[in-house]
Amino acid sequence: MRRSRASYETSARSVARPAAVFAVLADAPGWARWAGFMIHDATWEREGSPPPGGVGAIRRMGRWPQYGREEILEYEPPTHMAYTVLSGIPARDYRADVNLYPDTGGTLIRWRGSFTPVVPGTGALLAVVFRRMMTGFARRAAEEAERNPR
């Protein structure tokens, strides 16, 4: 049986500049400070190019007993980052793109993802869950960038 792809899109705004928002999102260990309950631990499993969080980097994030591993696919400061999830979610071929656009003195954060659900028929439900999670991450990243501009 062929599983169909599902997708989500969300956005948030920050009064911080794109470079400040990008710095927050690109700092894997920092996620444990601002991302909320689901991300208690965050670390680099492997550094990328440029180090630490560039292309090829693998970040491990989550909370015991559930951790996810993500590999950075594209790293274009201060406007774009893409990653794939290697493990930790009930989906395959997951890819997300986070784009940061200058927006009236701040930043528009646009987060888009697509994936193939492991269990057929769960794509729409997972899309709602992922959209809600990424909306929270985008909002909290925006707030962190505003509190601690880099």
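The values are calculated or read from the model by the stated rules, or taken from the named source; none is laboratory data. Quick caveat: nothing in here was measured; it's all calculated off a predicted structure. Because the Cβ atoms are built from the backbone with ideal geometry, glycine has one as well, and the counts that use them run over all protein chains shown.
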> If only one of P102, P149 is outside any helix (DSSP H, G or I) and farther than 16 Å from S11 by Cβ, which one is it?
Replying inline: P149
>> Any residue at all in the stretch 113-130 that's within 15 Å of S14 (Cβ to Cβ) and at pLDDT 95 or above?
In response: no
> Of all strands (runs of 3 or more DSSP E) completely enclosed by the stretch 1-73, which ones contain at least 1 residues that are in contact (Cβ under 8 Å) with a residue 40 or more places away in the chain?
Replying inline: 6-14
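Listed here are the residues, each with its yes/no results for (1) at positive phi; (2) surrounded by 15 or more Cβ atoms within 10 Å (Cβ to Cβ); (3) in a strand (DSSP E or B).
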residue: T84; (1), (2), (3): no, yes, yes
residue: R95; (1), (2), (3): no, yes, yes
residue: R112; (1), (2), (3): no, yes, yes
residue: P120; (1), (2), (3): no, no, no
residue: L126; (1), (2), (3): no, yes, no
> Are any residues in the stretch 74-103 among the hydroxyl-bearing types (S, T, Y) and free of Cβ contacts under 8 Å to residues at least 40 places away in the same chain, and if so, which ones?
Replying inline: Y83, T84, S87, Y94
> Inside the stretch 104-117, can you point out the residues that are in contact with a strand residue (DSSP E or B) (Cβ under 9 Å, 6 or more places away or on another chain) and in contact (Cβ under 8 Å) with a residue 40 or more places away in the chain?
Replying inline: G106, T107, L108, I109, R110, W111, R112, G113, S114, F115, T116, P117
> Can you tell me which residue in the stretch 45-88 is farthest from S114 (Cα to Cα), limited to those that are within 12 Å of the chain's Cα centre (by Cα) and of a type in the set (V, I, T)?
Replying inline: I72
> Here is a list of conditions, (1) exposed (fewer than 15 other Cβ atoms within 10 Å of the Cβ); (2) aliphatic (A, V, I, L, M); (3) over 15 Å from the mean Cα position of the chain (by Cα), and M38 meets all of them except one; can you say which number that is?
Replying inline: (3)
>> Whether any residue in the stretch 37-54 is polar (S, T, N, Q) and in contact with a Phe, Trp or Tyr (Cβ under 9 Å, 6 or more places away or on another chain) is what I want to check.
In response: yes
